[in-house]
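Here's the structure, in structure tokens; my notes come after.
The values are calculated or read from the model by the stated rules, or taken from the named source; none is laboratory data. Please read these numbers as outputs of a predicted model, since none were measured by experiment. Cβ: placed from backbone, ideal geometry, glycine included. Neighbour counts: every protein chain shown.
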Amino acid sequence: MRNLQDLLSTNAYPGRGVLCARTLSGTVVGGYFLTGRSAASRDRALRLIDGELVVGPLDAAEHDPLRHYTAAATTDDWLVLGNGEQVSQVVDRLASGQPAPVALGDLDYEPDPPIRTSRITALISRDAGRTSVLGAARPSRAARLTSNVMTLTVSNLEPGEAVLLTTYDSDGERVSVASPFTETTVEAKDEQGLLDEIWQALDPRFRIAVTVVDPVQGPSSAIQRSDR
């Protein structure tokens, strides 16, 4: 398997990404990162608001549901990470008693033609991360406009293992739909190490923010780095 730093450093513009990882010390954590090319995309920051991590504008810009959303929230059982308004939707579904794979079903990619950005979501159990359920609603690479919806259940990651979802594969200019998921390895010994590992691998031209969250403690425990 390719390591995380190699994967991200060779994908100049991955868009947004979520991952679940077990550090070398044995702790399972969730990660989320945000990159952007346009001025509007780069005019964003991650903030802790009412116990949730929210992606919002730096200034008083009008709310844009494709750029501004809850990126990390919790239920009693799950830490939920994702790249759009589906995070709040999935939280509500889980809170109503839906099983994790069902809560991640019936989602659509973003209505932003021609790119048609994928919705990517990671659920990490709050029992020290024994189970993670990742979901993606992606556009087809063929002509049809319906979403391909995938869920993946991962249990008992070994130290140094991770699973990554990104929205794009890109050289910084041309953008294509990313692979459904990638198994990878990390070198980080702890949460701070993973934060640094992701940050250093992202192209400085596009990186905006990275956060790492302990699923047991939730978003209030998040550590982050930002260019903002």
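Mind telling me which of the residues A61, A95, A39, A71 ends up being of a type in the set (A, V, I, L, M) and either touching a strand residue (DSSP E or B) at 6+ places or on another chain (Cβ under 6 Å) or crowded, with 23+ Cβ neighbours inside 10 Å (or both)?
On the way: A61 fails: either touching a strand residue (DSSP E or B) at 6+ places or on another chain (Cβ under 6 Å) or crowded, with 23+ Cβ neighbours inside 10 Å (or both); A95 fails: either touching a strand residue (DSSP E or B) at 6+ places or on another chain (Cβ under 6 Å) or crowded, with 23+ Cβ neighbours inside 10 Å (or both); A39 fails: either touching a strand residue (DSSP E or B) at 6+ places or on another chain (Cβ under 6 Å) or crowded, with 23+ Cβ neighbours inside 10 Å (or both).
None of the other options fit; the residue is A71.
Criterion first (out of contact with any helix residue (DSSP H, G or I) (no Cβ under 7 Å at 6 or more places or on another chain), in a strand (DSSP E or B) and aliphatic (A, V, I, L, M)) does L157 satisfy it?
no
Take segment 103-131 and flag every residue that is hydroxyl-bearing (S, T, Y) and within 14 Å of S155 (Cβ to Cβ). Step through it out loud before you land on a result.
Taking segment 103-131 as the starting set, the residues that turn out to be hydroxyl-bearing (S, T, Y) are 109, 117-118, 121, 125, 131.
Residues satisfying the conditions are S125, T131.
Looking only at segment 167-176, filter to residues that are in a strand (DSSP E or B) and under 15 Å from the mean Cα position of the chain (by Cα); which one of those is surrounded by the most Cβ atoms within 10 Å (Cβ to Cβ)?
So the first thing to find is which residues in segment 167-176 are in a strand (DSSP E or B), and the list is 168-170, 175-176.
Within this subset, residues satisfying the condition of being under 15 Å from the mean Cα position of the chain (by Cα) are 168-169.
Details: Y168: 20, D169: 17.
By that ranking, first place goes to Y168.
Tell me whether segment 115-128 contains one or more residues that are modelled with pLDDT of 95 or more and more than 16 Å from the chain's Cα centre (by Cα).
Yes; the residues of segment 115-128 include at least one that is modelled with pLDDT of 95 or more and more than 16 Å from the chain's Cα centre (by Cα).
Got a sec? Which of V149, V102, V54 is at pLDDT 90 or above, among the hydrophobic types (A, V, I, L, M, F, W, C), surrounded by fewer than 23 Cβ atoms within 10 Å (Cβ to Cβ) and within 14 Å of the chain's Cα centre (by Cα)? Before you say what the answer is, go through the steps one by one.
Values: V149 fails: within 14 Å of the chain's Cα centre (by Cα); V102 fails: within 14 Å of the chain's Cα centre (by Cα).
It is V54.
Confirm whether A45 is surrounded by 15 or more Cβ atoms within 10 Å (Cβ to Cβ), part of a strand (DSSP E or B), modelled with pLDDT under 95 and among the aliphatic types (A, V, I, L, M).
Details: surrounded by 15 or more Cβ atoms within 10 Å (Cβ to Cβ): yes; part of a strand (DSSP E or B): yes; modelled with pLDDT under 95: yes; among the aliphatic types (A, V, I, L, M): yes.
Spelling it out, A45 is indeed surrounded by 15 or more Cβ atoms within 10 Å (Cβ to Cβ), part of a strand (DSSP E or B), modelled with pLDDT under 95 and among the aliphatic types (A, V, I, L, M).
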